[in-house]
Amino acid sequence: MIDVALTGGRVIDPARTLDTVGDLLIDDGRIIGVARPGEGPHVRCRVDVAGLWVTPGLVDMHVHLREPGGEHKETIASGAAAAIAGGFTTVAAMANTDPVNDSAEITRWILARADEAALARVLPVAAVTKGLAGEELTDFTALREAGAVAFYDDGMPVADNVLMGRALRAAAALQAAVITHAEDRAIAAGGVMNAGPVAEQLEVPGIPPQAEESMIARDCALAAETGGRLHVAHISTAAGIEIVRRARAAGGGRIISAEAAPHHFTLDHGAVLAHGSNAKMNPPLRTPADVAAVRAGLADGTLQVIASDHAPHHVDEKARGMCGAPFGIVGLETTVGLTLALVHAGVLSPAVAIAALTIGPARVLGIGAGQLARGAVADVTVIDPDATWTVDATSLLSRSHNTPFEGTPLRGRAVGVCLGGRLYGGLGERVTS
């Protein structure tokens, strides 16, 4: 007799090109296989998921949990709870906390806090440079040994070419990726949204697309030169995507990857007129043509990852207006619904969408998550692709509610997860025996 069977669902595992209706079998916290409906062994706990998607546990490789130092915005526990509610079993926590995660001590502290929360798995991403100052590399070896899965000066691009090259080489020696926030700050020049007619209408400084594109080009060239693994975060411009596409085609496919955030494939800069600072993020919302390019990049595989860039901020901070408010929106609990909008529109197949939320980020981080192979840890997400709901910021489990999607009707959401064989969310209500 085995522990758990998720019965009658559509099992989608892009890592194995598996898409079939069946029973996912779990024993002792691990996947043991997929059986034809009703033909598996006897089970202690049978969960009826007929009509739902059963996928590998979703992985969000770009999340700000704010702790230590920003607990009024989010804590590791509240962020992990929001992750579970959004269908994510694993999240990667960014380094721009206070203090910055630039030491083994902070990395270990984050892991200990995540263990206390006992919710989604939290993987620390360590800083590339000490204090995010862009001047001196952190101790990559010590950070890696402490549990860091990648290196990233989130929000602070490594401007020095030589230092970025050294970072790529150091990370490559540890089989880790360097993530880049692609922004030439001299070109961005204090802008707060996309440069163009909307910024002009609002009389606020704009961020030209060239600020992002020039840095993507530099970093792809450095990756090719050093052989280091480069991941471009939250790409937002058509030209930037084309640079990545060409770099991968020229031989960089093994070492260069990139991600899209849901807001960049859903909203354009016109959303700032309706949502103000709740539509302020960096990189900013771009033009409709850029939105179309992000979607196309996901569809053709140029972009292998969908990541929320969950960036909670307190309501008082976001009330400071476009020039005074911080960049960022929450996203853990809306990512699945926004991604499935692309599926329902025929832009992405279910397999491509799920791959971008599972095996894509898992491969970038070099972790064993994101698949349902026999023997894999039983982290599983169950999705109702047709569930209709409306985003209500006050109901989000995140401590912050800064979202431009308030009141947006969505179709599709996670209804529960299995984490190491344990049921969370609404799955307990579906137990039949």
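Could you calculate the contour length gain from Leu18 to Glu136, that is, 0.36 nm times the residue separation minus the distance between their Cα atoms, to one decimal place in nm?
Additional length available on full extension: 38.0 nm.
Using a simple charge model, +1 on the beta-carbon of Lys and Arg, -1 on the beta-carbon of Asp and Glu, nothing else, what dipole does the range 56-365 show about its Cα centre, in debye to the nearest 20?
The dipole magnitude comes to about 740 debye.
Which value in Å does the Kirkwood hydrodynamic radius of the chain take, with 1/r averaged over all unlike C-alpha pairs and then inverted?
21.6
Based on the Kirkwood radius over alpha-carbon pairs, what is the Stokes-Einstein translational diffusion coefficient of the range 219-328 at 37 °C with 0.692 mPa s viscosity, in µm²/s?
In µm²/s, the coefficient is 223.
What number, in nm² with one decimal, is the all-direction average of the projected area of the convex hull of the alpha-carbon atoms of the range 4-159?
That works out to 11.1 nm², a quarter of the Cα hull's surface.
Neighbour counts of other C-beta atoms within 10 Å: give me Val128, Val4 arranged from fewest to most.
Val4, Val128
Find out how many positive minus negative residues lie around Glu39, taking Lys and Arg as positive, Asp and Glu as negative, among other residues whose Cβ is under 15 Å from that of Glu39.
After counting each charged neighbour, the total is +1.
Using Cα pairs under 8 angstrom and six or more residues apart, how large is the relative contact order of the chain, in percent?
So the answer I get is 20 percent.
Just to be sure I understand: with springs between alpha-carbon atoms less than 10 Å apart, which residue in Val204, Val294, Val100 has the highest mean-square fluctuation in the Gaussian network model of the chain?
In the Gaussian network model the winner is Val204.
What residue among Leu372, Leu18, Leu285 shows peak mean-square fluctuation when the chain is described by a Gaussian network model with Cα springs under 10 Å?
Of the options given, Leu18 has the highest mean-square fluctuation.
May I ask for the angle, rounded to the nearest 10°, between helix 104-117 and the longest principal axis of the chain, with both axes built from Cα atoms and the value confined to 0 to 90°?
40
How much net charge surrounds Val49 when only the other residues with a Cβ under 11 Å from the Cβ of Val49 are counted, with Lys and Arg +1 and Asp and Glu -1?
Spelling it out: positives minus negatives among the neighbours equals 0.
Compactness ratio of the range 69-194: Cα Rg over 2.2 N^0.38 Å, N = residue count?
Against the empirical 2.2 N^0.38 Å value, I get 1.09 for the range 69-194.
In percent, how large is the relative contact order of the range 53-204, given Cα pairs closer than 8 Å and 6 or more residues apart?
18
Against the longest alpha carbon principal axis of the chain, how many degrees, from 0 to 90 and to the nearest 10, is the axis of helix 76-86 turned?
Compared with the principal axis, the helix lies near 60 degrees.
Taken together, the values in this text are just the output of simple stated rules run on the coordinates, not laboratory data. Here the structure is a predicted model, which means the values were calculated and not measured. Positions of Cβ are generated from backbone atoms using ideal geometry, with glycine treated the same way; all protein chains shown enter the neighbour counts.
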